[in-house]
Amino acid sequence: MPRAGINKQIVLQTAVEIADSEGLDKLNLASISQKLGIRTPSLYNHVDGLEGLKILLTVHGMNQLESEIAQAAIGKSKDEAMRSISQAYLAFARKHPGLYKATQYVNDFQDDRIRQASDRIVDLVSKVVSAYNLKHENAIHVIRMFRSLLHGFATIENTGGFGIPLDVDDSFDLSLTIFLKGIHSMYL
């Protein structure tokens, strides 16, 4: 019988806290049960094991990321929207490094919920990119480059890879500027 006060949402939130503060690799059922003050087998009343928890975490992370970049894009178009989405994406990765890393599980699980969450993010970015009126193939290239830029930058920063004492935000802004100028010079 589930313990009073513990539910799937509390288990998920605890997983997010552990992933963000200690690292996704430290997340396991034992760490969650310890933090909640329950026995590990009790978690099975709320989640389908560690794999089920990781799927929930991935979907939750993608939904959060989608929500934040969607908010950032409202009322904006083209370069302004791309910059705003970029800032929201990086802010999410900085605020939730473990949850952000979980969003990269998209190919690790054959789960429709993950695929659907991933598709919603791609659809959102596709709508923003459609304002440039690119041919379909070129739009796909731009979306892939954009994702690579954002994910690469966020991952390198989150793993401490930018060790030279130079403002990382300036580097990010310069990367976006060059990327957007590339769109204009190649396709517009």
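Observations on the structure shown:
- Computed from the Cβ-Cβ distance with R0 of 30 Å, the FRET efficiency linking Asn107 to Glu80 stands at 0.45.
- From phi via Karplus (6.51, -1.76, 1.60), per-residue ³J(HN,Hα) for region 78-88 in Hz, x at Gly/Pro: 6, 4, 4, 5, 4, 5, 5, 4, 4, 5, 5
- Listed by chain and number, the lysines whose C-alpha is less than 25 Å from the C-alpha of Lys76, apart from same-chain residues fewer than 8 away, are Lys95, Lys127, Lys135, Lys181.
- Spacing of the two label points (7 Å from each Cα toward its C-beta) at Asp25 and Val122, in nm: 2.9 nm
- Built from the Cα atoms of region 111-153, the convex hull projects on average onto 3.4 nm², one quarter of its surface area.
- Measuring nothing but how far apart in sequence close Cα pairs (under 8 Å, 6+ apart) lie, relative to its length, region 48-187 scores a relative contact order of 27 percent.
- Ordering of 7-16, 161-170 by packing is 7-16, 161-170, highest average first (other Cβ atoms within 10 Å, averaged per residue).
- The sum of -39500 (n - 2.57) across all DSSP H runs of n ≥ 4, divided by the residue count of the chain, sets its helix-only mean residue ellipticity at 222 nm to -24000 deg cm²/dmol.
- Extension gain from Met145 to Ile178, taking 0.36 nm per residue of separation minus the Cα-Cα distance: 10.7 nm
- Largest first and in whole Å, the equivalent-ellipsoid semi-axes of the chain read 35, 19, 13, each the square root of five times a Cα gyration tensor eigenvalue.
- Added length on full extension, which subtracts the Cα-Cα distance from 0.36 nm per residue, Ile10 to Ala131: 39.5 nm
Quick note: the coordinates plus some simple rules give every number you see, no bench work behind them. Keep in mind the model is a prediction, meaning the values are calculated, not measured. All Cβ positions, even for glycine, are placed from backbone atoms using ideal geometry, and neighbour counts span all protein chains on display.
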